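Input: a single structure, listed below in structure tokens.
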There are 2 protein chains.
Amino acid sequence: MNTQVLLARRPAGEPQPDDFHIVRTPVPEPGEGQLLLRTRFLSLDPYMRGRMSPSKSYAAPMAIGDVMVGGTVSEVVASRHPGFAAGETVLAYAGWQSYALSNGAGLRNIDPAGFPITYALGVLGMPGQTAYCALLDIGKPKAGETVVVSAASGAVGSVAGQIAKIAGCRVVGIAGTNEKCAYVTETLGFDACINRRTADLDTALLQACPDGIDVYYDNTAGKILDAVLRHIVAGARIPLVGLIEHYNATQAPAGPFLGPLLVNRAKIEGFLVSDHEAHAAAFLREVTSWLREGRIRYREDIVDGLENAPRALIGLLRGENFGKLSVRCA
Amino acid sequence: MNTQVLLARRPAGEPQPDDFHIVRTPVPEPGEGQLLLRTRFLSLDPYMRGRMSPSKSYAAPMAIGDVMVGGTVSEVVASRHPGFAAGETVLAYAGWQSYALSNGAGLRNIDPAGFPITYALGVLGMPGQTAYCALLDIGKPKAGETVVVSAASGAVGSVAGQIAKIAGCRVVGIAGTNEKCAYVTETLGFDACINRRTADLDTALLQACPDGIDVYYDNTAGKILDAVLRHIVAGARIPLVGLIEHYNATQAPAGPFLGPLLVNRAKIEGFLVSDHEAHAAAFLREVTSWLREGRIRYREDIVDGLENAPRALIGLLRGENFGKLSVRCA
């Protein structure tokens, strides 16, 4: 029989056992061009919580009654597909069930390369690739910089932090127990690790990152991100990879919710004009000609007398001016 | 006499007239290598509120008793400096006073090019350059995209939005009165403008941006940013240029405060591994060899039996697993 775990109900907050429903159904027969997979290992990953929710994210939500989705290491037990033979082990996306049919799309043969085959679900699979690409493509760590990693003992954070060490960085982890912190520093070789449940984050970050934070590899968002932002240095990069602190939330968080940045692979970047002097000449040339051509209109709001400058600034901060505010002096 | 406006007291929240102190002092005499400037126009800009606060930002705070800082259009009334002659008009940073001494550093002769000289404090000065560089260097608008601009009738926003129109974008402004909104659409040529005080932002953004938001030129942060984030599309870019909604705040905002991103010209960027397939081969090659060399350690947390997958996922979201979580199936 095929054991299947279905989504029975959408969780309100933290998932409950009753949100899942386990059924036993006949093992299906592969048709022409199909193969039958038996699940050997199922990966569990935080993103699954998002798929249980009704809102659309980068992937569509599951429907009630669907087999829970998930990556698997599966064995081909019968094949009517030319590309795969019985007995082969493949990386699949067969979900929470012991057997699944496949048409071969998205399957990949696993070369264990001397490692446990479960590594294909982790360090050599999607979580490892997430660690590698987000750190190097967005974080761009340079030797000597300080990199902070949240969920540091997890599948993604543990790999991201070690790659940052290989890149020559000072690496500080954040994890949820003293045991995990000890593992992060002693086994993984991070320079320090902060217990997010017991430490005062600001104090601990100041101590662990005396030169400030250049890269924050963010698996959590929430209060950890809030605190890290208070300690970043000029030109810091923050790959936003996970939102673990928000996954079980039942209401919108206060303040800006950065989840859409992740879902949309979007960015917010701080700007100071003094960094862009290289474009000052182009600015002056182009805007001058756009003004001449009437393609840019410009309104001024001019106040008379230095004595009136305080009132005018107070009004500016209230939005009372209309156009560029300046003071005509005597 | 020289009229000077001094910082008398650090504001608590919105600045009050008593936070400023006006004094009259003798006009100073230029020494060798110095020149005497008379202020013709003083620019008032939102950043000044930050300098009145005690906390260090990208620039040091003013001290109590300092002349308020600010950009000026000034006339050289006496010069003992070889580079400038009496009667010339210069762009200076002489602050809130009618006369100032200068050693010439940072002064620039103004070529009015047929425009009012006050333009050097606005559309052809720092605010205009801020509009141009932040929009083009960070926002990177492409023809056909939707660009939203807050503080849209202001010195920066009005120029940023018009440049986005020149770039071929649909441009939606956000401003604080109906009169400003009418100016933004009728005179500046934006496609739409939302009154932030009277509109429901989510409803108005949905209506004005039916294809979502590609670029948000953010002059305000606060509730406008919160709402815009709910309507961005894949690959959106948000130059964070101003924090007007926070300048008068007396306590830290709830949720992540993005001010440090601006001050540090830092970025947060959302990441999805599926966008980075180009680096998949490099990832697998490098991480495999780091594992072989023992430079990456990896820990697994394997649970037995599909029936236990729900409990295991619940635990994962609580941080109860230790290492990469997967389920061994029968």
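The values are calculated or read from the model by the stated rules, or taken from the named source; none is laboratory data. The shown structure was predicted, so the numbers you read here are calculated from the model rather than taken from an experiment. Cβ atoms come from the backbone with ideal geometry, glycine included; neighbour counts cover every protein chain shown.
The single condition among (1) of a type in the set (A, V, I, L, M); (2) more than 10 Å from chain A (Cβ to nearest Cβ); (3) closer than 21 Å to A:Leu325 by Cα that B:Met68 does not satisfy is (2).
If the condition is being at the interface with chain B (Cβ under 7 Å from one of its Cβ atoms) and either charged (D, E, K, R) or on the phi > 0 side of the Ramachandran plot (or both), then the range A:108-165 contributes A:Ala113, A:Asp137.
Annotation for the range A:260-269: no member residue is more than 7 Å from every other protein chain (Cβ to nearest Cβ), under 30 Å from A:Cys133 (Cβ atoms) and not hydrophobic (A, V, I, L, M, F, W, C). Of all residues in the range A:119-137, those satisfying the criterion of being touching a His at 6+ places or on another chain (Cβ under 9 Å) and hydrophobic (A, V, I, L, M, F, W, C) are A:Cys133, A:Ala134, A:Leu136.
For A:Asp45, indicate whether it is of a type outside the set (Val, Ile, Thr), in a loop (DSSP other than H, G, I, E, B) and within 13 Å of chain B (Cβ to nearest Cβ). For A:Asp45, the condition - of a type outside the set (Val, Ile, Thr), in a loop (DSSP other than H, G, I, E, B) and within 13 Å of chain B (Cβ to nearest Cβ) - is met.
Here A:Asp214 meets each of (1) crowded, with 18+ Cβ neighbours inside 10 Å; (2) acidic (Asp, Glu); (3) over 15 Å from A:Val171 (Cα atoms) with one exception, condition (3).
Checking the condition out of contact with any Asp or Glu (no Cβ under 7 Å at 6 or more places or on another chain) and touching a residue at least 12 places away in the same chain (Cβ under 8 Å), which residue from A:Ala234, A:Ala330 passes? Reasoning before the result, please.
On the way: A:Ala234 fails: touching a residue at least 12 places away in the same chain (Cβ under 8 Å).
None of the other options fit; the residue is A:Ala330.
Of all residue pairs spaced 6 or more apart or on separate chains, those with beta-carbon atoms under 9 Å, a first member in the range B:129-144 that is surrounded by 20 or more Cβ atoms within 10 Å (Cβ to Cβ) and a second member that is of a type in the set (S, T, N, Q) and assigned to a helix (DSSP H, G or I) are B:Ala131/B:Ser158; B:Ala131/B:Gln162.
The conditions of being at the interface with chain B (Cβ under 9 Å from one of its Cβ atoms), in a loop (DSSP other than H, G, I, E, B), in contact with a Gly (Cβ under 6 Å, 6 or more places away or on another chain) and not acidic (Asp, Glu) are met by A:Pro253.
Here's the yes/no breakdown for (1) in contact (Cβ under 8 Å) with a residue 12 or more places away in the chain; (2) surrounded by fewer than 24 Cβ atoms within 10 Å (Cβ to Cβ); (3) under 27 Å from B:Tyr47 (Cβ atoms):
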| residue | (1), (2), (3) |
| --- | --- |
| B:Thr146 | yes, no, no |
| B:Ser153 | yes, no, yes |
| B:Val156 | yes, no, yes |
| B:Gly161 | yes, no, yes |
| B:Arg170 | yes, yes, no |
| B:Thr198 | yes, yes, no |
| B:Ala208 | yes, yes, no |
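Please determine whether any residue of the range A:22-37 is within 31 Å of the chain's Cα centre (by Cα) and without any contact (Cβ under 8 Å) to a residue 60 or more places away in the chain. The answer is yes, given that some residue of the range A:22-37 is within 31 Å of the chain's Cα centre (by Cα) and without any contact (Cβ under 8 Å) to a residue 60 or more places away in the chain.
Please determine whether any residue of the range A:27-37 is in contact with an Asp or Glu (Cβ under 9 Å, 6 or more places away or on another chain) and either modelled with pLDDT under 95 or over 30 Å from B:Asp275 (Cβ atoms) (or both). Yes.
When you look at B:Thr25, is it surrounded by fewer than 18 Cβ atoms within 10 Å (Cβ to Cβ), farther than 25 Å from B:Gln251 by Cα and of a type in the set (S, T, N, Q), yes or no? So that I can check it myself, show each step before the final result.
Numbers: surrounded by fewer than 18 Cβ atoms within 10 Å (Cβ to Cβ): yes; farther than 25 Å from B:Gln251 by Cα: yes; of a type in the set (S, T, N, Q): yes.
Yes, satisfied.
Taking the listed residues B:Ala249, B:Ala221, B:Ala234, B:Ala280, the one that is surrounded by fewer than 19 Cβ atoms within 10 Å (Cβ to Cβ), within 25 Å of B:Pro15 (Cβ to Cβ) and either under 13 Å from the mean Cα position of the chain (by Cα) or not charged (D, E, K, R) (or both) is B:Ala249, with no other qualifying. Look through the range B:52-94, keep the residues that are closer than 22 Å to B:Phe20 by Cα and of a type in the set (D, E, K, R), and return whichever of them is nearest to the chain's Cα centre (by Cα). Among those that are closer than 22 Å to B:Phe20 by Cα and of a type in the set (D, E, K, R), it is B:Lys56. Only one of the numbered conditions (1) within 13 Å of chain A (Cβ to nearest Cβ); (2) outside any strand (DSSP E or B); (3) surrounded by fewer than 24 Cβ atoms within 10 Å (Cβ to Cβ); (4) among the aliphatic types (A, V, I, L, M) is not met by B:Ala100, and that is (2). Would you check which residues across the range B:201-250 are polar (S, T, N, Q) and more than 9 Å from chain A (Cβ to nearest Cβ) and list them? Residues satisfying the conditions are B:Thr203, B:Gln207, B:Asn219, B:Thr220, B:Thr250.
Output yes when any residue across the range A:139-152 is more than 25 Å from B:Leu272 (Cβ to Cβ), touching a strand residue (DSSP E or B) at 6+ places or on another chain (Cβ under 6 Å) and in a strand (DSSP E or B), and no when none is. It would help to see each step written out before you state the result.
From the range A:139-152, those more than 25 Å from B:Leu272 (Cβ to Cβ) are A:143-144, A:146; that's our starting set.
Right, trim to touching a strand residue (DSSP E or B) at 6+ places or on another chain (Cβ under 6 Å) and you get A:146.
From what's left, in a strand (DSSP E or B): A:146.
Within the range A:139-152, one or more residues are more than 25 Å from B:Leu272 (Cβ to Cβ), touching a strand residue (DSSP E or B) at 6+ places or on another chain (Cβ under 6 Å) and in a strand (DSSP E or B).
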